[in-house]
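Structure first, then comments.
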Amino acid sequence: MHWLGELLPVGTTRPTTRVRSLQPPAFPGSTSTMKGAAYKEVLFICTGNFYRSRFAEAVFNHEARRLGLPWRAFSRGLAIHLVTSPLSPITIAALEERGIALDCTGPDRCPLTEADLRRAARRIALKEEEHRPYFARLFPAWEHRVQYWHFHDRDVAPPEVVLPRIEKRVRKLISKLTKAAKVL
């Protein structure tokens, strides 16, 4: 098990952390909780899959679970080799402050693949200026099929400014998906 980039013996936890499962979390609508029922997926994309995308994923999954929505989020990174730890300590602290369990995000960083892009009903990159060039180079067929948000990384804007804005935008997305589901 990793904690803030440190390798710990199996079964060991830090007092301020929640234990996360290595299995994908079960969300309402997923095949693991509702046999045969389908759910749609939102894909949050950033550079390292370490900070912004993981925070957005966790907030989305927490709210989807709480509201019983047939949606689930997952996240991926365009250049995960740039980061070595599985999850930003800033993201961990922000999720804990909000009472969001760490199992609302995956156990580790994952690179984006074309299969991920095909799998998602919605694809959201967290910073257009930063991520569009990656799409143009790595996934040109998908460059214009991604919704681009505008949230800076830590080197440009402090987490105490960026994370509440991401949270607000994710909640707005959930509200939009909830309203769309009621129309159907």
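The values are calculated or read from the model by the stated rules, or taken from the named source; none is laboratory data. These numbers come from a predicted model, not from an experiment. Note that we place each Cβ from the backbone using ideal geometry, even for glycine, and neighbour counts take in every protein chain shown.
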Out of curiosity, is R123 surrounded by 12 or more Cβ atoms within 10 Å (Cβ to Cβ), of a type in the set (K, R) and outside any loop (DSSP other than H, G, I, E, B)?
-> yes
Among what's in segment 55-114 and is modelled with pLDDT under 95 and polar (S, T, N, Q), pick the residue that is nearest to the chain's Cα centre (by Cα).
-> S85
Before we move on, is P164 touching a residue at least 40 places away in the same chain (Cβ under 8 Å), surrounded by 12 or more Cβ atoms within 10 Å (Cβ to Cβ) and within 20 Å of P89 (Cα to Cα)?
-> no
Inter-residue pairs, beta-carbon under 8 Å, first on the phi > 0 side of the Ramachandran plot and touching a residue at least 40 places away in the same chain (Cβ under 8 Å) and in segment 69-96, second crowded, with 18+ Cβ neighbours inside 10 Å and not in a helix (DSSP H, G or I), 6+ apart = none
So which of R65, R76, R132, R72 is surrounded by 17 or more Cβ atoms within 10 Å (Cβ to Cβ), closer than 15 Å to C46 by Cα, touching a Phe, Trp or Tyr at 6+ places or on another chain (Cβ under 9 Å) and basic (K, R)?
-> R76
